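For reference, the structure is listed below as structure tokens.
Here, each number is a calculation from the coordinates, and none is a lab measurement. Predicted, not measured: the structure shown is a model, and the values here were computed from it. Don't worry about glycine lacking a Cβ; one is built from the backbone with ideal geometry, like all the others, and counts go over all protein chains shown.
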Amino acid sequence: MVRVRFAPSPTGPLHIGGVRTALYNYLFAKKMGGSFILRIEDTDRTRYVPGAEDYIIEALDWFGLETDENPIKGGDYGPYRQSERKDLYKQYAMKMLEDGNAYYAFDSAEDLERMREEAKENGKHVAKYDATVRMQMKNSLSLSTEETAALLEKGENVVVRLNIPSDRRIGFKDIVRDEVSFDTKELDDKVILKGDGMPTYHLANIVDDHLMEITHVIRGEEWLSSTAHHILMYEFMGWEPPQFVHLPLILKPVGQGKLSKRDGAKFGFPVFPLEWKAEETYAGFREDGFDKDAIKNFLAFLGWNPGTEQEMFNMEDLIAAFSLEKIVKSGARFDIDKAKWFNQQYIIAKDNAEIAEVIKPLLQNASYMGHSDSFILGFIELMKERVESYNEFVSKGYYFFEKPRIEDEKIARKKWKDENELHFTAIRTQMAESSSFDSDTVQGIIKGYIGDNGLSFGAILPILRIAISGTMKGPDIFGMMSLLGKEESIDRLHAGIEKIKAL
RNA sequence: UCCCAUAUGGUCUAGUGGUUAGGAUUCCGCCCUUUCACGGCGGCGGCCCGGGUUCGAUUCCCGGUGUGGGAACCA
């Protein structure tokens, strides 16, 4: 039975890279008929951000990445919040202590600082708390039993560190990267239990993954370097380690480094699934009008591909096609253009009624009230191929709900001829007299008039379009007029012509 | 600096000891549409570098370089 977990830390809003990690875990779990677990890694009390856990849950919920076990609904392996498992970790730290695989250390922040300074003076570029300095530090290895007991009694700066063996090669198999190995002399004696009694990530992680019977650890590549520590800890505990899968990181669109929360504002696109409001506000894909399925499809392809040329995948197909072996090894730059393209494709393919559910609140926010469902559905049909986000239905299609602003003044001026006055008066009269006003009828009236009077389409259509919608860009003019209705179309034609004349 | 990982058009990627190195996106052009968009067609653009093995290397080997990550009582 496959069991995987998504284990974010509630230190702020869930990053889009975290969403991808969650997605891959979910896809793998579903593919294998296994369980997908949410575990909250809140062991750092100084970085805890209220609301972050709710945000994580809401984001997963928005994407429909349902978890089988989580802090809210529980499960057979709970609790699922590490802060609630505090006592558990201590036991295992004690076990490692007893076996000599860990030791107490009593160094103060100043002691550690001094150690680092000295290392630097000795020409070392990296200062690690390891076998080379271990015996010069204040710990249960360097101190006598009595001294140790006294310091333990005092209780200041007491941490538990891993006793990393020297001269060993720790190797493991990563499903994406194959064999990876580290020399233990590169590894530091990591703190596993902190002064406040909380475990660090490393301890909590292996204890929980073991206790929760996690079979595959699918996480970001930033963890690759500490995996040797984890393997060693599984060994110390006599536990079977899970399979490891380190995902390539998502990089900035341009420049150096991984995608960060600042990049959103910098490049003008969201890097978070949902909007996050704190001292600063960070944009969210949802609020920016992205479709959740489009984002999932986009994210799935950032670091993975099925090896075929298909790239539009619904969840079911994605689950069927997904495999850990096809995960790409190198980091992927975040490309918002690709995300927008996926979004547009999804909007076009989406059922109008479904789109209506999403955009109705947006229309309300813009104070566009009181429109019938059929009007909204007709509006969606006309606009869906012309927007790349849900929000653009409102920003680009505003003139379906209020009087248009003349945007293409230059074209209007250029196309305006005095005789248009006469033509449009005649057209208005014909429209007023028409008993029906469907798209074909409107088209018949306009084209008929043009034909009967030996005019060119170019003499009439651009002015008509600008009068109705204010812009040269937009859906089929006859469809728009029909949807707007006879009264409104005639009114706009009249008012529009007056405005154009005055330009 | 050390360790680990990684390297195919601008970006996301497929793939191979002999291929015109494929797809997607972006950009450009044409067609469709007397608008825009969608769609269709076409184009620009690529195997990190240097050695070696080989009849032949983008592919295998060695060495560089670039890039990413890590080197916390953070995750």
Problem set entry | Value of [θ]222 nm, deg cm²/dmol, for chain A, DSSP H segments ≥ 4, -39500 (n - 2.57) each, nearest 500 | -14000 deg cm²/dmol
For this session: Treating cross-link reach as a plain straight distance, find the lysines whose alpha-carbon is under 24 Å from the alpha-carbon of A:Lys384, omitting any fewer than eight places away in the same chain.
Result: A:Lys292, A:Lys296, A:Lys338, A:Lys340, A:Lys350, A:Lys360, A:Lys396, A:Lys403, A:Lys473, A:Lys486
For this session: Show the residues, 5+ positions off or on another chain, whose built amide H is closer than 5 Å to the amide H of A:Tyr129.
Result: A:Asp189
Exercise. Sorted by packing (mean other beta-carbon atoms within 10 Å per residue), highest first, where do A:284-293, A:220-229 land?
Worked result: A:284-293, A:220-229
For this session: Would you mind calculating the gained length between A:Gln256 and A:Glu113 on full extension (0.36 nm times residue separation, minus the Cα-Cα distance), in nm to one decimal?
Result: 48.5 nm
Exercise. Relative to the present Cα-Cα distance, how much length would full extension add between A:Glu309 and A:Leu422 at 0.36 nm per residue of separation?
Worked result: 35.1 nm
Exercise. What order, most packed first, do the peptides A:262-273, A:402-413 have when packing is the mean number of other Cβ atoms within 10 Å of each residue?
Worked result: A:262-273, A:402-413
For this session: Please report, to two decimal places, log10 I(q)/I(0) for region A:248-352 at q = 0.20, 0.23, 0.24 Å⁻¹ as given by the Debye formula with identical point scatterers on the Cα atoms and no solvent.
Result: -1.12, -1.32, -1.37
Exercise. Hey, with R₀ at 25 Å, roughly what FRET efficiency would A:Ala278 and A:Arg45 work out to, going by the Cβ-Cβ distance, to 0.05?
Worked result: 0.90
Seminar exercise, completed: Most exposed to least, judged by fewest other Cβ atoms within 10 Å, A:Tyr346, A:Tyr77 sort to A:Tyr77, A:Tyr346
Seminar exercise, completed: P(r) of region A:1-95 over all Cα-Cα pairs, 5 Å bins starting at 0, rounded to whole percent, reads 3, 13, 23, 24, 19, 11, 5, 1, 0
For this session: Putting +1 on Lys and Arg Cβ atoms and -1 on Asp and Glu Cβ atoms, find which of A:Leu187, A:Gly100, A:Ser140 reaches farthest to the positive end of the dipole of region A:99-191.
Result: A:Leu187
Seminar exercise, completed: So, with points 7 Å from each Cα along the Cβ direction, the A:Trp223-A:Trp62 label distance in nm works out to 2.4
For this session: Eight or more residues apart or on different chains, and alpha-carbon atoms under 24 Å: count the Lys pairs in region A:151-253 matching that.
Result: 5
Problem set entry | Helix A:373-383 axis, angle to chain A major axis (alpha carbon atoms, nearest 10°) | 80
Exercise. By how many degrees, between 0 and 90 and to the nearest 10, does the Cα long axis of helix A:336-349 differ from the longest principal axis of chain A?
Worked result: 60
Problem set entry | Ranked by how many other beta carbons lie within 10 Å on average, peptides A:242-248, A:310-316 from highest | A:242-248, A:310-316
Exercise. Once chain A is represented by equal point scatterers at the alpha-carbon sites, with solvent omitted, what log10 I(q)/I(0) does the Debye formula produce at q = 0.10 Å⁻¹?
Worked result: -0.86
Problem set entry | FRET E, pair A:Asp99, A:Trp341, Förster distance 51 Å, beta-carbon r, rounded to 0.05 | 0.35
